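First the structure, in the form of structure tokens, and then the observations on it.
The values are calculated or read from the model by the stated rules, or taken from the named source; none is laboratory data. Note that the coordinates shown come from a computational prediction; the quantities given were computed from them, not determined experimentally. A quick note on method: Cβ atoms are made from the backbone with ideal geometry, for glycine too, and the neighbour counts reach across all protein chains shown.
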Amino acid sequence: MAPTTKLFPVSVVGSWTRPVWLVHALRRRQAGEISSEEFNRIADDAVLAAIKYQEDAGVDIITDGEVRRDNFYSFVVEKLSGMKLMKVSELLDYMKDRAGFEEILRALDVPAFAIKSPIAVEKIHEREGGLTLDELDFLKAHTTRQTKIPIPGPYLLTRSSWFEGLSDKAYPTREELAKDVVRILRKEILALKARGVDFIQLDEPSLSQVVYGDEAEQTFMCAALGSRKDPADELEFAVRLMNETVDGISGVKFGVHICRGNWSRKEDVLLTGNYGPLLPYLMRMNIDQLVLEMATPRAGEIEVFKEYRNEKELGLGVSNPRTDDVEDPRAIVQSVKQVLKYFDPDKITLNPDCGFGTFAERCVNTPEIAYRKLKVIGEAAELLRKEFA
Amino acid sequence: MAEKELNGIRMQKFQGILDSMRDDPKVLQAVTGPWKSRVVWQGGLKAKAYMRKHAVELDEPEGLDATDSAASAHEQLLSAVGSCMTVGFVINATKRGIKIHDMEIALEGNFENILKWAGHSPTGHPGYPSIKAKLFVKADADEATLREVWKAAVEGSPVAQTVARPTQIVTEFEVL
């Protein structure tokens, strides 16, 4: 499908909220009580519902809601050999600073059992079928809208999958693991491109932890993260991995999504800080669009973009996925007009700040409110198109 | 045929045990007590507690110039409260046929007047005036049902209720 020429296209960050019956099926699959095939047959209905909600709300570039996934990145454990899905409560036994990490979980209001990480315990290899090809195939078979597939970014996947004491026999350093991560992600991207995906979003929320979060070597930010070094080193590493991942690949739009956390509806446990410290690094990533969280007050000032006018497209977060209040389209229009000081109209896509179900068992909203939030984004987009056409 | 288990408990057998507590005075007496712990000083601020065939070490944090080789008594008290409520939750859920996938309880407390313990204050409460306990649970039941199970676990917990109610510490003393 050709890229849209519509001004202010509406998109999503990726995840949709899960119905209870799907969560039960997910647990049964994880317990080995049903096969992946049986689970996917059940999940198909949830995907169709997610598609319908997005289409009815007027979303132009849609996802499958990531509803087949346990969370936005841990699903890779079923798609890659050499990985083991481990709860953070299990990782506590391998943490260097167990007390410190427990404090982080407490401060962030995260139960240790709820977050699972794919840990590289042997050399990792892709299994047949890729990481998300099934998601794209089903999505394209059931929509005529443009398609977006979010995948974990190379920095997130490396940092969340390498743990000292678990990974170092196969990968003495995380840099060694990163080589395989990049190789696997490149292969996935090329396969998605061949199947006609319109937009590939690489999720890197942990970059905000590097600049805004605590300085512990092992910490948490939407994922249990091991082995942190100096922030500048981490960000350079992230830029290098991203560029190695997308190097030479054209014909598909790339975005990177960075938020400040979406595991809780409590705003005070999520991170705070504007994108200023990250922008110099993000601008060096060879991607087209920054998919950012800007609706929450924790996002800070838009003026940080003034030195980077039109350098990238902006997937502008205009709706907080974690609140029950449905935004006013006129207020969204006003927010967008502030951003238009630094971006031309054809550089802006409108989306929520993050997904509605980043973690399957801790969705941050109901389908009804999520739908209404997307609908008002669509209404705001229409108002903007009339004004700027 | 082996009895089915739910949440790792053979409920039929376990219910039999619970019923025998009601029906057999000897069983009731055995479960009632006395429950015992012998705590032996290990030097410095360390102790070792012997309970039946088990032994647990206790220490104090480095901030007290201790060796921090084990959790402190006041931390293990929180753990005991949480652990007892965990048992109660599991039993009550299992009785109702509810499968539990995961659960954990995060507890915390602040001393009201630790200076009393330190010998700098003649009055006041040196312990926890209150203990927060947050349950995180993933189970096959709706929230209302799980709240009822949690309520039953808290109200029926011997350890939590010992801590929550005024409990006499009856002391004796012998010098050798």
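For region B:102-111, does any single residue satisfy the condition of being of a type outside the set (S, T, N, Q), away from chain A (no Cβ under 14 Å) and out of contact with any strand residue (DSSP E or B) (no Cβ under 8 Å at 6 or more places or on another chain)? Yes, that holds for at least one residue. Within region A:309-341, the residues that satisfy the criterion of being out of contact with any Pro (no Cβ under 9 Å at 6 or more places or on another chain) and closer than 20 Å to A:Tyr281 by Cβ are A:Arg309, A:Asn310, A:Glu311, A:Lys312, A:Glu313, A:Leu314, A:Gly315, A:Leu316.
Checked across region A:230-251, the condition of being closer than 30 Å to A:Phe113 by Cβ and at pLDDT below 95 holds for at least one residue.
Here is a yes/no grid of residues against (1) out of contact with any Pro (no Cβ under 9 Å at 6 or more places or on another chain); (2) over 30 Å from B:Ala139 (Cα atoms):
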site	(1), (2)
B:Asp59	yes, yes
B:Glu62	yes, yes
B:Ile91	yes, no
B:Lys116	no, yes
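The rows are residues; the columns are (1) among the basic types (Lys, Arg); (2) modelled with pLDDT of 95 or more; (3) within 17 Å of the chain's Cα centre (by Cα).
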{"site": "B:Pro122", "(1), (2), (3)": "no, no, no"}
{"site": "B:Tyr128", "(1), (2), (3)": "no, yes, yes"}
{"site": "B:Ala133", "(1), (2), (3)": "no, yes, yes"}
{"site": "B:Lys138", "(1), (2), (3)": "yes, no, no"}
{"site": "B:Ala144", "(1), (2), (3)": "no, yes, no"}
{"site": "B:Glu155", "(1), (2), (3)": "no, yes, yes"}
{"site": "B:Pro158", "(1), (2), (3)": "no, yes, yes"}
{"site": "B:Val163", "(1), (2), (3)": "no, yes, yes"}
{"site": "B:Gln168", "(1), (2), (3)": "no, no, no"}
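With the condition kept exactly as written, say whether any residue in region B:1-13 is surrounded by 10 or more Cβ atoms within 10 Å (Cβ to Cβ), in contact (Cβ under 8 Å) with a residue 60 or more places away in the chain and under 20 Å from the mean Cα position of the chain (by Cα). Scanning region B:1-13, I find at least one residue that is surrounded by 10 or more Cβ atoms within 10 Å (Cβ to Cβ), in contact (Cβ under 8 Å) with a residue 60 or more places away in the chain and under 20 Å from the mean Cα position of the chain (by Cα), so the answer is yes. Please verify whether region B:112-130 includes one or more residues that are within 14 Å of another protein chain (Cβ to nearest Cβ), in contact with a strand residue (DSSP E or B) (Cβ under 9 Å, 6 or more places away or on another chain) and not hydroxyl-bearing (Ser, Thr, Tyr). No, region B:112-130 has no match at all. If a residue must be assigned to a loop (DSSP other than H, G, I, E, B) and more than 14 Å from A:Phe343 (Cα to Cα), how many such residues does region A:284-320 contain? The qualifying residues number 13.
Residues in region A:147-162 that are more than 18 Å from A:Asp233 (Cα to Cα) and either over 18 Å from the mean Cα position of the chain (by Cα) or of a type in the set (A, V, I, L, M) (or both): A:Ile149, A:Ile151. Being within 14 Å of chain A (Cβ to nearest Cβ) and of a type in the set (Phe, Trp, Tyr) is the requirement here; does B:Phe136 meet it? Here the answer is yes, as B:Phe136 does meet what is asked. Where helices (runs of 4 or more DSSP H) fall wholly inside region A:11-108, the ranges with 2 or more residues that are more than 14 Å from chain B (Cβ to nearest Cβ) are A:36-57.
Among the numbered conditions (1) away from chain A (no Cβ under 14 Å); (2) over 26 Å from A:Pro19 (Cα atoms); (3) surrounded by fewer than 16 Cβ atoms within 10 Å (Cβ to Cβ), the only one that B:Glu148 does not meet is (2). Please indicate, with yes or no, whether at least one residue in region B:154-175 is without any contact (Cβ under 8 Å) to a residue 12 or more places away in the chain, basic (Lys, Arg) and not in a helix (DSSP H, G or I). Scanning region B:154-175 turns up at least one residue that is without any contact (Cβ under 8 Å) to a residue 12 or more places away in the chain, basic (Lys, Arg) and not in a helix (DSSP H, G or I). When region A:110-125 is filtered for residues that are farther than 10 Å from A:Val77 by Cα and modelled with pLDDT of 95 or more, the ones remaining, listed by number, are A:Val121, A:Glu122, A:Lys123, A:His125.
Just wondering, is there one or more residues in region B:94-113 that are free of Cβ contacts under 8 Å to residues at least 12 places away in the same chain and surrounded by 14 or more Cβ atoms within 10 Å (Cβ to Cβ)? Scanning region B:94-113, I find no residue that is free of Cβ contacts under 8 Å to residues at least 12 places away in the same chain and surrounded by 14 or more Cβ atoms within 10 Å (Cβ to Cβ), so the answer is no.
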